[in-house]
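Step one of this worksheet: look at the structure below.
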Amino acid sequence: MPITAFSDPVVGNFDPADSESGPCLYYSGYALGDPRPFYSYHPGQNFGSPTTGWNANTRITTINAIPMTLSSTIIAAAAHTVGGTAMTLASANADGIAVGVSIQRADTGATVKNLLKLDPLVASVVANLTLGSNIMTVTSVNAAGGHCYNQLCAGMVLTDATTAGNLPTGVTITGWAAAGPAGGNSGTGGGLVGTYILSANALATATGDTITGLYTGTATNAVSTVPFGGAGTIQCYNPGDMISRAVKIVSTTSQVVQTFTVNGLDVYGFPMTELITTVGTSATTTNGKKAFKYILSVTPSVTDATGNYSVGTQDVVGFPMRSDAWQQAAEYDVSIMWNNTAVAVSTNYVAAVLTTATNATGDVRGTYGLTTAASNGTLRLITTQTPLVPNLGSAVGLFGQTQFASF
């Protein structure tokens, strides 16, 4: 059977009337073709005849965000444990966490409710609103740091921090505003200064209000993506929301040996389970190995009416794509910038676990422990990843082994 090709150059669609415009998606990426006759494409050639080239999928930005300050109690405050009963998780939004989040499981499509989302994407801008209009005009973006990653995205829940009643509760950004066809998403916003379409009309006119945004996901844009086009069919993973973290069990008093079952989901919405076993000594921190984006429950195995246990985050961040080998600042596997400095040593780098995942193995895509400085809500982390050629074209190659989950 012959294969087909088209002649270069190829120009993307510049038609502003196309409300579904977006990036082109290529299975297995794209490559630089070899023009030499033996290796190049020949019109009408059969399947199996070599058409070869070099992989050109390099330095993909997989994280570009500010990790919030690590905390020993952000997931669950210190408390005694009751065996088999889940601990009480945080109940209010705070820097580094969003509560009451619902997303769809990527393996079954079922909705999981009442999740804690770690390091959610947040933003703070200055904007104008008009009574009865669903168009918000952003005039400036507040500086990143503290609790602000500084870029808006579709799906963010907005709050008017100047006057709360100016926006309806739960109003979200549904797209960039209407410079395109019939209110499509081709307007001027683009994440920064410009106009945005909201899911509901403003309740008052306001000029220069501070608007904050919190990204928890929507029914059609559940996990860390930016949609394109009016229907949001084409979506790209958002590096600003791709931080996932390992968790820890902390005791401030004497404790007993017991296991804590942590159930949650990864940054793509796949369920995962980890067992973290405490050692039974005083004032001890026990670290997990897997990077979670969402926490569903943390359940101890033993009743301890004396020891106090809390659940928090580590400065250990999961890679969004599988990483097999460390490489400093090069187009090979993974490169890391932390606190405006290229990471020069492999300290605290852990490669992806390539064996079948269990509740005790490490992360299926690998992790990096922040060094030289602790997360403080101000320092930026950037990772760029280049998939190895043997890893292209399969889910395991790009995203690691299937997560182990027991729920």
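The values are calculated or read from the model by the stated rules, or taken from the named source; none is laboratory data. Bear in mind the structure is a predicted one, so any value in this text is a computation, not a measurement. With ideal geometry, Cβ positions are generated from the backbone for all residues, glycine too; neighbour counts draw on all protein chains shown.
For region 303-314, the criterion of being more than 23 Å from V256 (Cβ to Cβ) and either more than 22 Å from the chain's Cα centre (by Cα) or surrounded by 23 or more Cβ atoms within 10 Å (Cβ to Cβ) (or both) is met by at least one residue. Of all positions in region 338-357, none carries a residue that is part of a loop (DSSP other than H, G, I, E, B), without any contact (Cβ under 8 Å) to a residue 12 or more places away in the chain and more than 21 Å from the chain's Cα centre (by Cα).
Residue-by-condition table, conditions (1) assigned by TED's automatic domain parsing to the domain that holds A246; (2) in contact with a strand residue (DSSP E or B) (Cβ under 9 Å, 6 or more places away or on another chain); (3) not charged (D, E, K, R):
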| site | (1), (2), (3) |
| --- | --- |
| L89 | yes, yes, yes |
| A98 | yes, yes, yes |
| T108 | yes, yes, yes |
| N134 | no, yes, yes |
| T137 | no, yes, yes |
| V141 | no, yes, yes |
| M156 | no, yes, yes |
| D160 | no, yes, no |
| A164 | no, no, yes |
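Checking each residue in region 366-407 for being assigned to a loop (DSSP other than H, G, I, E, B), of a type in the set (G, A, S) and either without any contact (Cβ under 8 Å) to a residue 12 or more places away in the chain or over 18 Å from N57 (Cα atoms) (or both) picks out G366, A373, A374, S375, G377, S394, A405, S406. Considering T69, T88, T111, T62, the condition of being over 20 Å from the mean Cα position of the chain (by Cα) and either surrounded by 14 or more Cβ atoms within 10 Å (Cβ to Cβ) or β-branched (V, I, T) (or both) is satisfied by T88 alone. The single condition among (1) outside the structural domain of Q401 (by TED's automatic domain parsing); (2) crowded, with 17+ Cβ neighbours inside 10 Å that Q104 does not satisfy is (1). Check region 173-184 and report whether any residue there is more than 24 Å from R245 (Cβ to Cβ) and modelled with pLDDT of 95 or more. So far as region 173-184 goes, no, none of its residues is more than 24 Å from R245 (Cβ to Cβ) and modelled with pLDDT of 95 or more.
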